[in-house]
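*Asks:* Please see the structure below; I have some questions.
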Amino acid sequence: MTSPNDVCVSVCTRCRAADFPGAETERPGYLLASAVVAQSKGMQATLPGLTVRGIRCMSQCKRPCAVALSAPAKFTLLFGDLAPETDVEAILRLAGQHAQSADGLIPRADRPACLRSGILGRIPPLGYADELLDPTFSLSSKPV
């Protein structure tokens, strides 16, 4: 059962700089995922619909570390260029904002500073048919 305040934080566990020599468990993406999981454990009271999951690759190799925020019937937000040492609190703060938003869109000025410039995409939910949809370029044999 989903709630309007659910949010899933997906963290790429394999993210690393191209020249990173360390083991998989030493990669910045793995460290970021570990830190997000650890810090989110104390957030059940303030963000009960939070899910965190590690994804073995999010195909954002040129912009590590990558994180996505998603929820049913909301835009998915994809970010890169994050650091496990400094950005965990901001990621979880944005997860709270995403959970509280009606559509998942968080204005740039309202996001934590480290998540203002590193956005890689905002993906509309299936069934989206609002002002951002350009009907000129729609082709479907059934509604999406």
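The values are calculated or read from the model by the stated rules, or taken from the named source; none is laboratory data. Everything quoted here is computed from the prediction, not taken from an experiment. When we count neighbours, we look across all protein chains shown, and the Cβ atoms used for this are built from the backbone with ideal geometry, even at glycine. SASA here: full protein model, heavy atoms, side chains in, ligands and nucleic acids out. Shrake-Rupley method; radii C 1.70, N 1.55, O 1.52, S 1.80 Å.
*Asks:* So which residues in the stretch 92-102 are free of Cβ contacts under 8 Å to residues at least 40 places away in the same chain and surrounded by 16 or more Cβ atoms within 10 Å (Cβ to Cβ)?
*Replies:* Leu94, Gln97, Ser101
*Asks:* So, Ala83, is that one closer than 12 Å to Ser70 by Cα, of a type in the set (A, V, I, L, M, F, W, C), open to solvent by less than 70 Å² (accessible area, probe 1.4 Å) and touching a residue at least 40 places away in the same chain (Cβ under 8 Å) or not?
*Replies:* Criteria not met by Ala83.
*Asks:* Among the residues of the stretch 33-82 satisfying the criterion of being more than 15 Å from the chain's Cα centre (by Cα) and of a type in the set (Lys, Arg), which is nearest to Arg122 (Cα to Cα)?
*Replies:* Lys62
*Asks:* Need the failing condition index for Ala73 against (1) out of contact with any Lys or Arg (no Cβ under 9 Å at 6 or more places or on another chain); (2) buried (at least 19 other Cβ atoms within 10 Å of the Cβ); (3) in contact (Cβ under 8 Å) with a residue 40 or more places away in the chain; (4) aliphatic (A, V, I, L, M), just the number.
*Replies:* (2)
*Asks:* Scan the stretch 51-70 for residues that are open to solvent by less than 70 Å² (accessible area, probe 1.4 Å), within 14 Å of Val9 (Cα to Cα) and out of contact with any strand residue (DSSP E or B) (no Cβ under 6 Å at 6 or more places or on another chain) and jot them down.
*Replies:* Cys65
*Asks:* Follow-up question, since we're still on this one. If you scan the stretch 18-29, which residues turn out to be more than 15 Å from the chain's Cα centre (by Cα) and either surrounded by 11 or more Cβ atoms within 10 Å (Cβ to Cβ) or farther than 19 Å from Leu120 by Cβ (or both)?
*Replies:* Within the stretch 18-29, Asp19, Phe20, Pro21, Gly22, Ala23, Glu24, Thr25, Glu26, Arg27, Pro28 qualify.
*Asks:* Ok, one more. Of everything in the stretch 4-17 that's out of contact with any Pro (no Cβ under 8 Å at 6 or more places or on another chain) and assigned to a loop (DSSP other than H, G, I, E, B), which residue is surrounded by the fewest Cβ atoms within 10 Å (Cβ to Cβ)?
*Replies:* Among them, the one singled out is Pro4.
*Asks:* Further, regarding this structure: Could you tell me which of the residues Leu32, Leu77 is at pLDDT 95 or above and in contact with a Cys (Cβ under 8 Å, 6 or more places away or on another chain)?
*Replies:* Answer to the check: Leu32.
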